[in-house]
């Protein structure tokens, strides 16, 4: 065989190999992220005056680290819930208060993160603040952690009231000494919220909205939040003074998993 024919044969083999690789189906393509339906909005676009302190974007939560799925510190809600919250804000502004949200839409991957954390009994890093009197083995049984959350349906939010003018809340410093979430307001982690008797995400029966041990100004503050929101179609979760769901929910049986980010709200 001549040197030329050998070269030609090698070229044919190379071309055949390239064609085979080109024709092979792509198996390593990245799966696109899910996106929000069109009637989900960023709360900021409906009411920019509501304060947003998105705790699960930060390490200041019962897990102690940023939670899966929180790409940006952003409150996302169904439009109906956001517009109702805007009406509540208008009423409170006239009384010298503002709303502040801690959490809004929560992707299923974040709920899965909570479940993994709850199953890891060795991780007790944030116990001193968020569940000082609750054995971690009881978090599922007592209802503090569940495999599904109404937040993932898009019409549930965690929030409080702040007196105007709003003072800033200092950043949490990982590793700082922890104080029980039910300690007097001047002792627990500083929050610019009015005194609700406990901090946000306090795993304790004192967090029950109408717990009889909460009286005076603390009870009045809880009832102000509750009555303002309930008048506009929100329903409070009796075990958590901060937890409200707008009814009727546009997606009562759907648990979404798109990330918390502006990109989730834009068309591809």
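Remark: 126, 196 ranked as 126, 196, counting other beta-carbon atoms within 10 Å and listing the fewest first. When only alpha carbons of the stretch 199-248 are considered, Rg and Dmax amount to 10.7, 33 Å. With each label modelled as a point 7 angstrom along the Cα→C-beta vector, the residue 112-residue 167 pair spans 4.2 nm.
Across the stretch 51-141, the relative contact order, built from alpha-carbon pairs under 8 Å that are at least six residues apart, equals 36 percent.
Given the Cα-Cα distance of residue 58 and residue 266 and 0.36 nm per residue of separation, how much length would full extension add, in nm? Kindly include the intermediate steps, with their values, before the conclusion.
On the way: separation 208, 0.36 × 208 = 74.88 nm, distance 2.40 nm.
Extra length available between residue 58 and residue 266 comes to 72.5 nm.
Relative contact order for the chain: 24 percent, from Cα pairs under 8 Å spaced at least 6 residues apart, divided by residue count.
Find the centroid of the Cα atoms in the stretch 54-121 and in the stretch 141-175, then give the distance between the two in whole Å. Their Cα centres are 5 Å away from one another.
Residue separation times 0.36 nm, minus the C-alpha to C-alpha distance between residue 146 and residue 187: what's the value?
Details: separation 41, 0.36 × 41 = 14.76 nm, distance 3.00 nm.
Difference between extended and current length: 11.8 nm.
Shape of the stretch 159-268 from its Cα gyration tensor (a ≥ b ≥ c, root eigenvalues): rounded if a/c is under 1.5, otherwise prolate when a/b > b/c, or oblate? Taking the square roots of the gyration eigenvalues as a ≥ b ≥ c, the stretch 159-268 is oblate.
Under the simplified labelling scheme, the residue 217-residue 71 pair shows an inter-label distance of 4.3 nm, with each label point 7 Å from Cα along Cα→Cβ.
Percent of Cα-Cα pairs more than 28 Å apart in the stretch 29-174, please. Beyond 28 Å sits 26 percent of the P(r) for the stretch 29-174. Computed from the Cβ-Cβ distance with R0 of 22 Å, the FRET efficiency linking residue 44 to residue 231 stands at 0.40.
By the beta-carbon count within 10 Å of each Cβ, the least crowded to most crowded order of 182, 251, fewest first, is 251, 182.
Put in line by how crowded their Cβ is, counting other Cβ atoms within 10 Å and starting with the fewest, 254, 58, 245 read 254, 58, 245. The calculated pair-distance distribution of the chain uses every alpha carbon pair, bins of 10 angstrom beginning at 0, and gives 6, 27, 32, 16, 5, 4, 4, 3, 2, 0, 0 percent.
Quick note: the coordinates plus some simple rules give every number you see, no bench work behind them. Quick caveat: nothing in here was measured; it's all calculated off a predicted structure. Here Cβ is always computed from backbone atoms with ideal geometry, including for glycine, and neighbour counts include all displayed protein chains.
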